[in-house]
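Below: the structure, in structure tokens.
The values are calculated or read from the model by the stated rules, or taken from the named source; none is laboratory data. A quick note: this is a predicted structure, and the numbers were derived from the prediction, not measured. Glycine also receives a Cβ, built like all others from the backbone with ideal geometry; neighbour counts cover every protein chain displayed. These accessible areas exclude ligands, DNA and RNA; they are computed on the full protein's heavy atoms, side chains included. Shrake-Rupley method; radii C 1.70, N 1.55, O 1.52, S 1.80 Å.
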Amino acid sequence: MVSGGLLLVLSLGGCGFQLAGERPLPPALSSVYIDMVQPYRVGTPPLETSLQSRITASGGVVKSHIGDAKAVLRLSNLSETRETLSIGANGLANEYRLVTQVTFELHSGDKELIPPQPQGVTRTYSFSVDEVLGKEAEEGRLRDYMQDELAALILLRIDAQLARGRAAVPAPGPKPSDTPATAESPAPDAAPAAPPAETPPS
């Protein structure tokens, strides 16, 4: 029998995200280095693995050396937290909220294409003290899925923000006329005063 939590994991596939390879890749990610800034840990985070797979499936190339890439996708502050949502009659938690967050930014040489900004994913699941081991394994699978979903969201936001940036560039306007501007003519000099009338001889 499939547990309710596992059904939640399986149902997340219908969140509306396109599968890797179905969405055109932004040109800025055609050659990219993924810079995962994090404290030491064993293994590669699912987020980085998912980004590599999605970018490669969409026709991009993930470089292993930063100097070989046209752009750098930097990820930092990756965190996973669990919050208690409800407590049962026995005084123990029976529902949790999982939150996975990361900060991403995109650079090309010395140019900042996308400034640092956070992105997160939240999911809830039930917990039973009678199924501790199974629920812990289930939570681990859900966390991995959430990091994969986080990778999809990051790519969607990069695509949208780069598209807005291209749209914001104004179209070239008409060229100024080659005819030089006419200088304002100086005001004419005042007319000379008439000479005084001569006095007739007495």
Quiz item: So, in nm, how far is label R97 from label K111 when the simple model puts each one 7 Å beyond its Cα toward the Cβ?
Solution: 4.0
Practice problem: With a 1.4 Å probe and every protein chain left in place, work out the accessible area per residue of region 27-130 in Å², rounded to a whole number. | Solution: 55
Practice problem: With r as the distance between the Cβ atoms of A163 and E80 and R0 = 35 Å, compute the FRET efficiency 1/(1 + (r/R0)^6) and round to 0.05. | Solution: 0.70
Self-check item: Karplus (6.51, -1.76, 1.60) ³J(HN,Hα), θ = phi - 60°, over region 155-164, in Hz, Gly and Pro reported as x
Solution: 5, 5, 5, 4, 4, 5, 6, 5, 5, 5
Self-check item: Full-stretch length increase - A137, Q38 - with 0.36 nm per residue and alpha-carbon distance subtracted
Solution: 33.2 nm
